[in-house]
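A.B. asks: Got a structure for you, questions after.
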Amino acid sequence: MTTDKQPIQHKDADYEIDTLTNDRLLKDHEYDGIRELDNELPSWWKWLFIVTIVFAIVYVVRLWVFHADDLVQKKEFDKEMVDAKASSAAKQTEVFELKILTDEVSLASGQETWTKICSVCHLLDGGGLVGPNMTDKYWIHGNKIEDLFRIMETGVIEKGMISYKDQLSQKQRLQVASYVLVKLQGTTPATPKAPQGDLYE
Amino acid sequence: MELQKFNYDNKLSRLFLFATVFWGLIGMLVGLTIAFELIFPHLSSGISWLSYGRIRPLHTNAVIFAFVGNGMFTGIYYSTPRLLKTSMYSELLGKIHFWGWQLIIVAAAITLPLGITVSKEYAELEWPIDIAIALVWVVFGLNLIMTMVKRRVQHIYVAIWFYIATFVTVAVLHIVNSINIPVSLFKSYPVYAGIQDALVQWWYGHNAVAFFLTTPYLGLMYYFVPKAANRPIYSYKLSIIHFWALIFLYIWAGPHHLLYSALPDWAQALGVVFSIMLIAPSWGGMINGLLTLRGAWDKVRESPVLKMFVVGITAYGMSTFEGPMLSLKSVNALSHFTDWTIAHVHIGALGWNGMITFGMIYWLVPRLFDTKLFSVKLANAHFWLATTGMLFFAVPLYFAGFTQSLMWKEFTAEGYLKYPNFIETVVQILPMYYLRAFGGTLYITGVIIMMVNVLKTVKSGKFVEKEEDQAPALQIHGEDKGHRFIESKPILFTILSLVAILIGGIVEFVPMFMVKNNVPTISSVQPYTPLELEGRDIYIREGCYTCHSQMIRPFRSEVERYGDYTKAGETVYDHPFQFGSKRTGPDLAREGVKTGPIYKPDSWHYNHFMDPQKMVAQSIMPPYPWIIKNSLNTGSTAKKIKVMQTLGVPYPEGYADKAVEDLKKQAAGIAQGLRDGGIDVADDKEVIALIAYIQRLGTDIHKK
């Protein structure tokens, strides 16, 4: 059909030679005009294959026979957790005085946390949705900085407020509580949730 | 020797070719739609059958089975008779294959948007369609094998080897992964559960890539590249070694989809090392493709067909190197569940499958219609649109995957997650989603240009229904040795291929199912309540798994973000498993754990399903108003419990009769809670069941 080229016969009678590459064509290998060359496997390819096989053997022996620390999932995880504990000791030891922060830098950080986390339930403007309205003067658990700080630590799980003690540092909790008391209190949200709890004047 | 005359029938190739182009466009348009839905979450406008979770499976199925599937059949039905110097065994079987396959595609296009799904990726179709696939596949295989039997050439060519491997392996994969027990005509549960189901699924899923997207296309490459370039195959020896190595090794690599999961270490290790050992066999195909073009590079510059082949084969080489790298645990720790995977598969789909298909079409159409291609210029334009489209698609997603993963893992100096709220990491990569949609648009524009070119070419020519050829009858010479021997014995060749692809699966499955400590029992893990089970089926129906994983990996960053990592024993009643493969939203494996870091109250979930942006302003999740509106159908609840009992889920004897009663009791409790919080909802709404399921997730191991 489409074989249009007659390869030149070389001295070696068993083979024909492909004129464009000087490689040997295989005799008797022709399928719908497609011929095949008798080239060897490229040696870099053979080596690549061998190296990957060696890698495989070493890998499974290290895991199955020697239970290497970096291959056993449980050991890897435990080590990561131990290392983390050592490097972030600050998490346990930081101490703060529970006082409303009023400097703009702290309040800005507080707002950032509010936007990232608290607004999911209390809305960006504090008007409340799943969580209570944080702009009005009604409080379920008290309106002091300690109260807000404590609720963030313990959560109110039956109402859906989880504990943030593992997600927010004490400093962050203080900042966001200050942001609520200094910035959100007294503002008028777009869709305020009805008052909940007791009135604190 | 007397020459026998016979015909090549081009009708089947023509049908499959048109189907390839048509379904290709549809599959890609669905892909583009979901790309835009990720940017504009309200695009589906509350229409259930347009929502992301339902049509993402339609996109993957359409591209794999409709576009690539029809593409492979186009090439197989064209090349097989020519390579074997005979007509196909049966025109009737060919027709049954074609129309059967198209009907299956139509059935998929109807059922998937309706939420009729098993939820196992690329095997979502429900059991009646699964049976149809198996039957049509056997028709195809029978035709292929019988054509080999009545061939006129002594040896079968390497392209056919790959077709054989495709036939036997896809048959085995499809049947083993689709063993489900029906609840009704449109609902079934897989016999495997949890981590075992996941192992079977990813053995299937990975090898769907290997034996549906790779081996048949290598076969096409071995036919169409030398034909189009008029050059001999670079190395016959390489063909032999890379063929057998490829099919033997590929089947083992599935567990690399489950690295750092509840899968036992030994199985994960097999996934790693067999993936690494696949580099050379895969590249053997690339070398044999590219080096076949030696001496013809001047032609490559002029021919859009060869240009597409070169880019296609190069994309194959890239993704078969990247795949093994992604299978290294350290890389996978970063890449898994991110857009990196999406980028990776699209280098394969857009580059390898797309370009080889397009090149083949541009080569075939003028030959089938005895004319010249209408416009080489348009074909070149298509080539550039496809190439740049692919880059605009993949490069931003690589960046997105990398960025998001690093954000998930970043800690502050004090030891807190730097980005504890998942949405921050989504907002960060949204611009990349815009670029991806742009890349997809370019790629599809190219396909539309191809359609015009093909139509114009078809109009300018006259269809060649049959091509005559002649060859002497088959005479087997006895002197064959080594591989030449099995090349002259197609049935033996088929059996040997089957043996080669069975070994890996058996070695992985038998211990996983027989050895008990691979899935250690956790006594507090209990079956789902009927309401939770119904909720789970809604979760499956809506394709929640397309965006949410349920597999917390054993990393500090994940344990801090989501809670304790997932244990194998927690998944034993999950028919099917719901680990997911992509986190467009956060992991939900411990969503219900009240003391965990991501717990939300029922009312939050209710509001979130109704209007996600109300709860998370920048969320890209679509709303689910129909779940709020629809009443839960409890008609098959009892049957579902019975099927679960058949599968070994330990509900008490006779519990099916009490199931609906229990379901109503639990639903009333949840609904009352919501009403107490001011939400107006009836007991019998679907959302109640879904909330029940979500709040159950991950809680069992915390029970005392």
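The values are calculated or read from the model by the stated rules, or taken from the named source; none is laboratory data. This is a predicted model, so every value here is computed, not measured. Counting neighbours? That spans all protein chains shown, and the Cβs are built from the backbone with ideal geometry, glycine included.
A.B. asks: Residue under question is residue B:528, and the condition is that it be touching a Gly at 6+ places or on another chain (Cβ under 9 Å), within 24 Å of residue B:48 (Cβ to Cβ) and either crowded, with 19+ Cβ neighbours inside 10 Å or modelled with pLDDT of 95 or more (or both); does it hold?
C.D. replies: Values: touching a Gly at 6+ places or on another chain (Cβ under 9 Å): yes; within 24 Å of residue B:48 (Cβ to Cβ): yes; either crowded, with 19+ Cβ neighbours inside 10 Å or modelled with pLDDT of 95 or more (or both): yes.
When the stated conditions are applied, residue B:528 passes them.
A.B. asks: Looking at region A:117-133, can you tell me whether even one residue there is at positive phi, out of contact with any helix residue (DSSP H, G or I) (no Cβ under 6 Å at 6 or more places or on another chain) and surrounded by 12 or more Cβ atoms within 10 Å (Cβ to Cβ)?
C.D. replies: First, the residues of region A:117-133 that are at positive phi: A:123, A:126, A:128.
Applying the additional criterion that residues be out of contact with any helix residue (DSSP H, G or I) (no Cβ under 6 Å at 6 or more places or on another chain) yields A:123.
Filter again for surrounded by 12 or more Cβ atoms within 10 Å (Cβ to Cβ), leaving A:123.
Yes, region A:117-133 contains a residue that is at positive phi, out of contact with any helix residue (DSSP H, G or I) (no Cβ under 6 Å at 6 or more places or on another chain) and surrounded by 12 or more Cβ atoms within 10 Å (Cβ to Cβ).
A.B. asks: State whether one or more residues within region B:276-296 are of a type in the set (D, E, K, R), out of contact with any Lys or Arg (no Cβ under 8 Å at 6 or more places or on another chain) and within 30 Å of residue B:377 (Cα to Cα).
C.D. replies: From region B:276-296, those of a type in the set (D, E, K, R) are B:294; that's our starting set.
Now restrict to residues that are out of contact with any Lys or Arg (no Cβ under 8 Å at 6 or more places or on another chain): none.
Scanning region B:276-296 turns up no residue that is of a type in the set (D, E, K, R), out of contact with any Lys or Arg (no Cβ under 8 Å at 6 or more places or on another chain) and within 30 Å of residue B:377 (Cα to Cα).
A.B. asks: From the list A:156, A:105, which residue is at pLDDT below 90, of a type in the set (A, V, I, L, M) and surrounded by fewer than 18 Cβ atoms within 10 Å (Cβ to Cβ)?
C.D. replies: A:156
A.B. asks: Are there any pairs with C-beta distances below 8 angstrom linking a residue in region A:96-113 that is touching a residue at least 40 places away in the same chain (Cβ under 8 Å) to a residue that is not in a helix (DSSP H, G or I), with the two at least 6 apart or on different chains, and if so which?
C.D. replies: Within 8 Å, the pairs are A:107/A:101; A:110/A:101; A:113/A:168.
A.B. asks: Taking the criterion of being among the charged types (D, E, K, R), touching a strand residue (DSSP E or B) at 6+ places or on another chain (Cβ under 8 Å) and surrounded by fewer than 21 Cβ atoms within 10 Å (Cβ to Cβ), would at least one residue in region B:3-19 satisfy it? Break it down stepwise before answering.
C.D. replies: Kept after step one, since they are among the charged types (D, E, K, R), are these residues of region B:3-19: B:5, B:9, B:11, B:14.
Applying the additional criterion that residues be touching a strand residue (DSSP E or B) at 6+ places or on another chain (Cβ under 8 Å) yields B:5, B:9.
Keeping just the survivors that are surrounded by fewer than 21 Cβ atoms within 10 Å (Cβ to Cβ) gives B:5, B:9.
Yes, that holds for at least one residue.
A.B. asks: Being of a type in the set (Val, Ile, Thr) and within 11 Å of chain A (Cβ to nearest Cβ) is the filter here, so list the residues in region B:553-567 that pass it. Write out each step before concluding.
C.D. replies: So the first thing to find is which residues in region B:553-567 are of a type in the set (Val, Ile, Thr), and the list is B:559, B:566.
Selection gives B:559 alone.
A.B. asks: Helices (runs of 4 or more DSSP H) wholly in region B:223-326 with at least 1 residues that are free of Cβ contacts under 8 Å to residues at least 24 places away in the same chain and crowded, with 22+ Cβ neighbours inside 10 Å - which ones? Full working, then the answer.
C.D. replies: Details: elements: B:236-250, B:265-277, B:279-290, B:297-302, B:304-326.
Those helices (runs of 4 or more DSSP H) span B:265-277.
A.B. asks: Report whether or not residue B:493 is more than 19 Å from residue B:159 (Cβ to Cβ) and among the hydrophobic types (A, V, I, L, M, F, W, C). Step through it out loud before you land on a result.
C.D. replies: Numbers: more than 19 Å from residue B:159 (Cβ to Cβ): no; among the hydrophobic types (A, V, I, L, M, F, W, C): yes.
So residue B:493 fails the test.
A.B. asks: Right, another one. Please enumerate the residues belonging to region B:570-598 that are of a type outside the set (Val, Ile, Thr) and either farther than 26 Å from residue B:192 by Cβ or within 14 Å of chain A (Cβ to nearest Cβ) (or both).
C.D. replies: We begin by selecting, within region B:570-598, every residue of a type outside the set (Val, Ile, Thr); these are B:570, B:573-583, B:585-592, B:594, B:596-597.
Correct list: B:585, B:586, B:590, B:591, B:592, B:594, B:596, B:597.
A.B. asks: Tell me the residue from B:496, B:492, B:502 that is without any contact (Cβ under 8 Å) to a residue 40 or more places away in the chain, under 30 Å from the mean Cα position of the chain (by Cα) and in a helix (DSSP H, G or I), please. Give the steps one after another, and end with the answer.
C.D. replies: On the way: B:492 fails: under 30 Å from the mean Cα position of the chain (by Cα); B:502 fails: without any contact (Cβ under 8 Å) to a residue 40 or more places away in the chain.
Going through B:496, B:492, B:502 in turn, the sole match is B:496.
A.B. asks: Can you tell me which condition residue A:54 does not meet? The list is (1) more than 7 Å from chain B (Cβ to nearest Cβ); (2) within 19 Å of residue B:238 (Cα to Cα), and all the others hold.
C.D. replies: (2)
A.B. asks: Here is a further query. Which residue is surrounded by the fewest Cβ atoms within 10 Å (Cβ to Cβ), if the candidates are limited to region B:602-659 and must be touching a strand residue (DSSP E or B) at 6+ places or on another chain (Cβ under 9 Å) and closer than 27 Å to residue B:523 by Cβ?
C.D. replies: B:646
A.B. asks: Please name all residue pairs, on different chains or six or more residues apart, with Cβ atoms under 7 Å, provided the first residue is in region B:143-156 and is under 10 Å from residue B:490 (Cβ atoms) and the second residue is part of a helix (DSSP H, G or I) and of a type in the set (D, E, K, R).
C.D. replies: Matching pairs, first to second residue: B:155/B:484; B:155/B:487; B:156/B:487.
A.B. asks: Tell me, which residue of region A:31-47 that is outside any strand (DSSP E or B) and of a type outside the set (Phe, Trp, Tyr) is farthest from the other protein chains (Cβ to nearest Cβ)?
C.D. replies: Just the residues of region A:31-47 that are outside any strand (DSSP E or B), to begin with: A:32-33, A:39-47.
From what's left, of a type outside the set (Phe, Trp, Tyr): A:32-33, A:39-43, A:46.
Working: A:32: 4, A:33: 7, A:39: 4, A:40: 6, A:41: 5, A:42: 7, A:43: 12, A:46: 8 Å.
Selected residue: A:43.
A.B. asks: Sticking with this one: From the list A:120, A:51, exactly one residue is in a helix (DSSP H, G or I), more than 30 Å from residue B:161 (Cβ to Cβ) and among the aliphatic types (A, V, I, L, M). Which is it? Full working, then the answer.
C.D. replies: Values: A:51 fails: more than 30 Å from residue B:161 (Cβ to Cβ).
Result of the check over A:120, A:51: A:120.
A.B. asks: Do we find a residue being closer than 18 Å to residue B:219 by Cα, within 14 Å of chain A (Cβ to nearest Cβ), over 19 Å from the mean Cα position of the chain (by Cα) and modelled with pLDDT of 95 or more anywhere in region B:322-331?
C.D. replies: Initially, region B:322-331 is screened for residues closer than 18 Å to residue B:219 by Cα, giving none.
No, region B:322-331 has no match at all.
A.B. asks: Determine if region B:32-50 includes at least one residue that is closer than 16 Å to residue B:349 by Cα and surrounded by fewer than 24 Cβ atoms within 10 Å (Cβ to Cβ). Break it down into steps so the answer makes sense when it comes.
C.D. replies: If we filter region B:32-50 for residues that are closer than 16 Å to residue B:349 by Cα, which is where we start, we get B:32, B:35.
Adding the requirement that they be surrounded by fewer than 24 Cβ atoms within 10 Å (Cβ to Cβ) leaves B:32, B:35.
Scanning region B:32-50, I find at least one residue that is closer than 16 Å to residue B:349 by Cα and surrounded by fewer than 24 Cβ atoms within 10 Å (Cβ to Cβ), so the answer is yes.
A.B. asks: Find the helices (runs of 4 or more DSSP H) located wholly in region B:593-702 whose residues include 2 or more that are of a type in the set (Lys, Arg), and list them.
C.D. replies: Numbers: elements: B:602-610, B:612-615, B:625-629, B:637-646, B:655-676, B:686-696.
Counting at least 2 such residues, we get B:637-646, B:655-676.
A.B. asks: Kindly check whether there is at least one residue in region A:132-148 that is modelled with pLDDT of 90 or more, within 12 Å of chain B (Cβ to nearest Cβ) and assigned to a loop (DSSP other than H, G, I, E, B).
C.D. replies: yes
A.B. asks: Of all residues in region A:187-201, which are surrounded by 10 or more Cβ atoms within 10 Å (Cβ to Cβ) and hydrophobic (A, V, I, L, M, F, W, C)?
C.D. replies: Across region A:187-201, the qualifying residues are A:194, A:199.
A.B. asks: Which number in (1) in contact with a Gly (Cβ under 6 Å, 6 or more places away or on another chain); (2) within 14 Å of chain A (Cβ to nearest Cβ); (3) not in a helix (DSSP H, G or I) marks the one condition that residue B:371 misses?
C.D. replies: Looking at each condition in turn, residue B:371 falls short on (2).
A.B. asks: Could you tell me whether residue B:229 is within 22 Å of residue B:83 (Cβ to Cβ) and within 11 Å of another protein chain (Cβ to nearest Cβ)? Working first, answer last.
C.D. replies: Numbers: within 22 Å of residue B:83 (Cβ to Cβ): yes; within 11 Å of another protein chain (Cβ to nearest Cβ): yes.
Against the criterion (within 22 Å of residue B:83 (Cβ to Cβ) and within 11 Å of another protein chain (Cβ to nearest Cβ)), residue B:229 qualifies.
A.B. asks: State the number of residues belonging to region B:273-282 that are within 7 Å of chain A (Cβ to nearest Cβ) and over 18 Å from residue B:509 (Cβ atoms).
C.D. replies: Of the residues in that region, 4 qualify.
So that you can scan it fast, the table gives a plain yes or no per residue for (1) touching a Lys or Arg at 6+ places or on another chain (Cβ under 9 Å); (2) under 26 Å from residue B:120 (Cα atoms); (3) among the aromatic types (Phe, Trp, Tyr):
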residue: B:6; (1), (2), (3): yes, no, yes
residue: B:14; (1), (2), (3): no, no, no
residue: B:25; (1), (2), (3): no, yes, no
residue: B:32; (1), (2), (3): no, yes, no
residue: B:40; (1), (2), (3): no, no, yes
residue: B:45; (1), (2), (3): no, no, no
residue: B:48; (1), (2), (3): yes, yes, no
residue: B:55; (1), (2), (3): no, yes, no
residue: B:59; (1), (2), (3): no, yes, no
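Residues are listed down the side, and each one gets a yes or a no for (1) under 24 Å from the mean Cα position of the chain (by Cα); (2) at pLDDT below 95:
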| residue | (1), (2) |
| --- | --- |
| B:390 | yes, no |
| B:399 | yes, no |
| B:403 | no, no |
| B:409 | no, no |
| B:420 | no, yes |
| B:424 | no, yes |
| B:433 | yes, no |
